[in-house]
Amino acid sequence: MFETHYEINEGNILAHEIIGQNVKVERNNGSIVKGKIVDETKNTLTVETVKGEKIMPKNEVSLEFSFSRKKTVFPGKLFAEKPENRTKNFWRKAHGRK
């Protein structure tokens with residue numbers, strides 16, 4: 001049986017759980033936080049850094065992910081909904097369902 005290799009990329013990141021992903025977060029004030037996403041709510045991200053956990057509002061940040069050595073920046077507003085709804089809504093839109 002053939003295995004299907006599926007990877008997270010810039011085109012489907014909204015369809016996936018982002019907890020566990022390494023990220024570089026730039027706040028609107030210009031400060032930068034690097035670490036791993038450890039929690040996500042509708043409006044916030046919690047990033048584990050070397051200095052501890054930082055909680056940031058999604059609407060006030062940009063998120064940089066690396067996909068296959070390519071860095072891509074997304075506005076945090078794209079992720080500003082409940083994680084379970086974001087993934088469900090992505091697949092519905094991708095398959096033409098409401």
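Couple of notes before you dig in:
- Our coupling estimate for segment 57-64, obtained by passing each phi through the Karplus curve with A = 6.51, B = -1.76, C = 1.60 and θ = phi - 60°, is x, 4, 6, 10, 9, 10, 10, 10 Hz, Gly and Pro reported as x.
- Karplus-derived HN-Hα couplings along segment 17-33 (A = 6.51, B = -1.76, C = 1.60, θ = phi - 60°), whole Hz, x at Gly and Pro: 5, 9, 5, x, 7, 6, 8, 10, 10, 10, 7, 4, 7, x, 6, 10, 10
- Separation of the N85 and S31 label points, Cα + 7 Å toward Cβ, nm: 2.9
- Ranked by how many other Cβ atoms sit within 10 Å of their own Cβ, fewest first, the residues R92, R86 fall in the order R92, R86.
- Virtual spin-label span in nm between T49 and I19, 7 Å along Cα→Cβ: 2.2
- Tail weight of P(r) past 21 Å, computed on alpha-carbon pairs of segment 13-94, percent: 23
- Taking the Cα centre of the chain as origin and assigning +1 to Lys and Arg Cβ atoms and -1 to Asp and Glu Cβ atoms, the resulting dipole is close to 340 debye.
- Per-selection Kirkwood Rh - segment 46-98 (Cα, Å, 1 d.p.): 13.1
- For segment 76-87, backbone phi angles converted through the Karplus equation (6.51, -1.76, 1.60; θ = phi - 60°) give residue-by-residue couplings of x, 4, 4, 9, 7, 7, 4, x, 5, 6, 4, 5 Hz, Gly and Pro being listed as x.
Coordinate-derived values only; no laboratory data. Quick caveat, the model's predicted, so the values are computed rather than measured. All Cβ positions, even for glycine, are placed from backbone atoms using ideal geometry, and neighbour counts span all protein chains on display.
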